[in-house]
1. Please report the base-10 log of the normalised intensity I(q)/I(0) for region 138-430, using a Debye sum with one equal scatterer per alpha carbon and no solvent, at each q in 0.09, 0.11, 0.14, 0.15 (1/Å).
2. Just rank Thr387, Thr199, Thr407, fewest to most, by other beta-carbon atoms within 10 angstrom.
3. How large is ³J(HN,Hα) for each residue in region 302-317, as worked out from phi by the Karplus curve 6.51 cos²θ - 1.76 cosθ + 1.60 (θ = phi - 60°), to whole Hz, x for Gly and Pro?
4. Please name which of Gly366, Ser232, Gly144 has its Cα lying farthest along the dipole of region 138-430 towards the positive end, using unit charges on Cβ (Lys, Arg +1; Asp, Glu -1) and the Cα centre as origin.
5. Over region 240-346, how many percent of alpha carbon pairs lie in each 10 Å bin up to the one with the longest distance?
6. Quick one: putting +1 on the C-beta of Lys and Arg, -1 on the C-beta of Asp and Glu, what dipole do you get for region 138-430 around its Cα centre, in Debye to the nearest 20?
7. Using Cβ contacts closer than 10 Å as the measure, can you line up Val156, Val178 from fewest to most?
8. Hey, how many Å between the Cα centroid of region 130-180 and the Cα centroid of region 213-282?
Amino acid sequence: MKDTPGWASPGSAPSDGQEPGASHPAEPADRPGGTQPADQPAATPEGPGTKWSKEQPPPAQWSAPTGPQNPAQPPPPPPPGPGWGARPPGGPSGPGYGGPGGPGGYGGHGAPGGWGAGWGGPPPAAKPGVIPLRPLGVGEILDGAVSTMRTHWRTVLGISLTVAIVVQVIVVLLQGLVLDDTTGTTALTDPSATLDEQTRAMRDTLLNSGVVFVIALIGTIAATALLTAVTSRAVLGRSVTTGEAWRDARPQVPRLFGLIFLLLLMAAGVAALGVLPGALLGGDAGAALAVLGSLGSIVVVVWLLVRFSLASPALMLEKQGIRKSLSRSAKLVRGSWWRIFGIQLLSLIIANIVAMIVVVPFALLGAALGEGGLGAFAAGRSDLGWTYLIVSGVGSVIGSLITFPITAGVSVLLYVDQRIRREALDLDLARAAGVQGYGTPSPGTVPGS
C-alpha cells in the first residue's frame, strides 16, 4: 500500500483491516534472518522488536465491505477522501474542486460550496440615485450629470431657463447699448490699419469678451448653486421642486456672490501682477515681458480656479462661510488637481460642442436678418443691430439649457466623489437614502479582502 497523504490514513494498525485471529499473509522474503519465530513480531518503522498487543481493536472501516475477503489477499486501498483533488459526491458537475463541468468552470473554483466558495468578488455598490455609492470614474460622473438632467428635467429646465434668460438679457443690453459703440474689430482684419487702430480694436474686443465672460461665469456659478440641491437629492434618488431648491439655496446666495467676487478679484489681481512689470519697463523689452507675464498669470489663474472649483458645492451643501469653503475645496482638490482639471475641461468641451450646434445656426440666422446681412458678419463687424443680438441671444439661451446642467452636475458630483474617496461619504449617503446593510460585510466574505 502506498503511504500517500490523502490516499491512506497515517498510523493505521499493522493488521490493515484483518480481523483478530485471522491468518496473516505470507511473510516478506527480505526479512533479516530468514524466518522469524511466530511469537516474535516483525520489525516496524518504530524500531526492531517492537511488540504489539495480542488484543487489537477492530480497524476503522474505510468503505463498506461488499463480501467475504480472501485472507491471503491484502485489502484494497481505501477510496480517496475529501482531500486535495477529491471528487465531490455530486459527480463531475457537482460543487467542489474536482468537477470540470461544475458551475465554477474547470475545477469548480468559485462554485458554491467548493474551493473558494466564500469569494465571489466585491458586492455591487448600492445605487439609490443617479450614481453608485463608491468612487466614480469619468464616465460615471458625466453620466450622472446627464441622468440628473433627464430624470428631473422639469426642475433642471426651470432653473437653467431662468438663469439663462437673466444672463442673456444683461449681455444683450450691454452689447447693444454700451459695448457695441466702443467695439470696432474691423481694424483687426484690415491690413492697412495702423498699429494704434489695431491696438484699440484688440482692447475693445478683449473688453467686450471679458465682460460677457464675467457675466456668463456669474450665471454659471449661480446655476450651479441652484442646481446643487437638485443633484444632491438625485444622488439619493429623491426629487426636488424649483421652489424647494430655491428655499434651500436662498440663505447661501449672498455668500455665494461674495465667493464669486473674491475669485474674480483674485484672478484680476494675478493678471495685473503678471502684466505690471512689463508695463512699467516699457519698450520692446517691456512688451515681451508683459506677454510672458500674461502667459504666466493665465497658468496661475487656471491653477487657482481649479483649486477652488469645489468651493461653491461645499458652500451650498455644508452651509459654510466663504473662507471655510475655500479651504474645504483646497483640501479636497489636493493630490487630485490634474484629475479634476481634466474632468472639468472634458465636461466643458462636451457641453460647449453640443451648445455650439444650437448657437451657430441662430447666429447665422441673426446675421442674415440683421443690417448688412452675412457679408457684414463675415467681415468681422459686430455692430449688426438689435436683430442679430436678439436672435443670437435666443440661441444662447437654448445652448445654456445644455451647458448649465452639465457643468453644474459635474461640479457637484466631483465634490461628492472626492468626499467619498477621502471621507467615506458613501456611508452617510447610504444611510440617508435608506439602504439597508450598506457597509457591513456580507456572509462568506473575508474581512479586508
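1. -0.51, -0.75, -1.12, -1.23
2. Thr199, Thr387, Thr407
3. 4, 4, 5, 5, 6, 4, 9, 6, 9, 5, 5, x, 5, 5, 6, 8
4. Toward the positive end, the furthest listed residue is Ser232.
5. Distribution as computed: 15, 32, 29, 17, 6, 2 percent.
6. 1360 debye
7. Arranged by neighbour count, lowest to highest, Val156, Val178 become Val178, Val156.
8. Here the answer is 13 Å between Cα centres.
Readers should treat all values here as calculations from the given coordinates under stated rules, not as data from a laboratory. Here the structure is a predicted model, which means the values were calculated and not measured. Note that we place each Cβ from the backbone using ideal geometry, even for glycine, and neighbour counts take in every protein chain shown.
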